[in-house]
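Okay, structure first, notes after.
The values are calculated or read from the model by the stated rules, or taken from the named source; none is laboratory data. Keep in mind it's a predicted model, so treat the numbers as computed, not measured. No Cβ is skipped: glycine too gets one built from the backbone with ideal geometry, and neighbour counts run over all protein chains shown. Surface areas here come from the heavy atoms of the whole protein model, side chains and all, with no ligands, DNA or RNA. Shrake-Rupley method; radii C 1.70, N 1.55, O 1.52, S 1.80 Å.
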Amino acid sequence: CCFGMEAELAELLETKAGEIAERLGRKWTDICSEEGEEQLILCLSMYLQCARLFLKGKRHQRHLIANERATLICLQLKAVQIHLAASLHEQQNAAAAGQETMDWADVPADGPEALADALLDATGRQKGWADAVTASASTVEGNDQDQDEGVKEAEAPGIVAKGFEGKITSEPAATPSLSLGPAGDVFVVINLMQKEVEVFAEYHQDFIATFEVVSAYRHIYDGLSKVWPKALYRQVVLLGNRSYLQLFLEHLPLTKDWLHAIVQLCLDEPCPEQFPAQMMRMKQFLREGVPNLETRYQLARELGSGFTDIAI
């Protein structure tokens, strides 16, 4: 149906999806909104469609790039939906708490009818409602059934009894408008600058999310792979996040260049003897991350006498 022009159509869709993502900007309050959610869903749909067309047109590299960008949009969309759901939950709880709140100091102490009036007034209905119904019942003969039905209607949400002539008029219940928005920490992964991508990769504790972000931006910014030694050193050695290393080894090879960079970060630490826990985590990192004994021995020699035991 595309007359052999799948790749060309995919390029148009990719360009349009990029424009939509760029228009969302970098401001969290704009991204984390109902309109922002709609734009992210549209952008995701276009990236997935163009990835399918690139594959059909045998443009496999572009197919992978489109999938990586779609994954980035998915990550941002997930964060937005989580925040909007939390915002909705907070507002619903606040509305429920507001409906249950009542000022008991205003309740008079002269009988059940006065108490009923105060209760009805606390829920937003007019005072004197009980008196109005009583007066109406005494003046209207032979219409007890109709009056009972009117009372039931007046007790229903959104119904207000007005005046003292037994006339009950209906008004729609006021529904508070919900304004959904951010309900937690800022989480923006689209439209990042290179330095922001590097900071995210180093400090974010979820390796899978970090890997997805770096993979999406590696086609835009050169040299992003250099952030992995810093990320590994911070997450595994400084913070003791062992699962981070395990997931890393499942997705990427730990090259000698990266290992030497991590060793240098360890050597650059001021007063390492004051932090024995970091030395222990560094040893554990080398045992789990470097199965080759020769390489591990070379790294241990670089680190000094305190690491000779890991080369055994």
For this session: Provide a single number: the residues in segment 276-295 that are over 14 Å from CYS266 (Cβ atoms) and touching a helix residue (DSSP H, G or I) at 6+ places or on another chain (Cβ under 8 Å).
Result: 4
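Can you find a residue that is assigned to a loop (DSSP other than H, G, I, E, B) and either at pLDDT below 90 or more than 28 Å from THR210 (Cα to Cα) (or both) anywhere in segment 76-99? It would help to see each step written out before you state the result.
From segment 76-99, those assigned to a loop (DSSP other than H, G, I, E, B) are none; that's our starting set.
No.
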Exercise. Quick check: is even one residue across segment 27-50 more than 26 Å from PHE187 (Cα to Cα), loosely packed, with under 15 Cβ neighbours inside 10 Å and of a type outside the set (S, T, N, Q)?
Worked result: no
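Is it the case that ALA7 is more than 18 Å from LEU192 (Cα to Cα), open to solvent by less than 50 Å² (accessible area, probe 1.4 Å), at pLDDT below 95 and among the hydrophobic types (A, V, I, L, M, F, W, C)? Explain how you work it out, then say what you get.
Working: more than 18 Å from LEU192 (Cα to Cα): yes; open to solvent by less than 50 Å² (accessible area, probe 1.4 Å): yes; at pLDDT below 95: yes; among the hydrophobic types (A, V, I, L, M, F, W, C): yes.
Here the answer is yes, as ALA7 does meet what is asked.
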Exercise. Do we find that GLN145 is over 30 Å from GLN92 (Cβ atoms), open to solvent by less than 60 Å² (accessible area, probe 1.4 Å) and either at pLDDT below 95 or part of a helix (DSSP H, G or I) (or both) in this structure?
Worked result: no
Exercise. Here are some conditions: (1) surrounded by fewer than 16 Cβ atoms within 10 Å (Cβ to Cβ); (2) small (Gly, Ala, Ser); (3) over 27 Å from GLU68 (Cβ atoms). SER243 meets all but one. Which one does it not meet?
Worked result: (3)
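Go through segment 69-85 and give me each residue that's over 19 Å from LEU13 (Cβ atoms) and either open to solvent by less than 20 Å² (accessible area, probe 1.4 Å) or more than 8 Å from the chain's Cα centre (by Cα) (or both).
First, pick out the residues of segment 69-85 that are over 19 Å from LEU13 (Cβ atoms): 75, 78-85.
Passing the criteria: LEU75, ALA79, VAL80, LEU84, ALA85.
What tally of residues in segment 267-303 results from selecting those that are of a type outside the set (A, V, I, L, M), in a helix (DSSP H, G or I) and farther than 15 Å from TRP228 by Cβ? Before the answer, list the steps.
Here is the first cut: in segment 267-303, the ones of a type outside the set (A, V, I, L, M) are 268-276, 278, 281, 283-285, 287-289, 291-292, 294-298, 301-302.
Cutting the leftovers down to in a helix (DSSP H, G or I) gives us 272-274, 276, 278, 281, 283-285, 287-289, 294-298, 301-302.
Now narrow it down to the ones that are farther than 15 Å from TRP228 by Cβ: 272-274, 276, 278, 281, 283-284, 287-288, 294-298, 301-302.
Summing the residues that are of a type outside the set (A, V, I, L, M), in a helix (DSSP H, G or I) and farther than 15 Å from TRP228 by Cβ in segment 267-303 gives 17.
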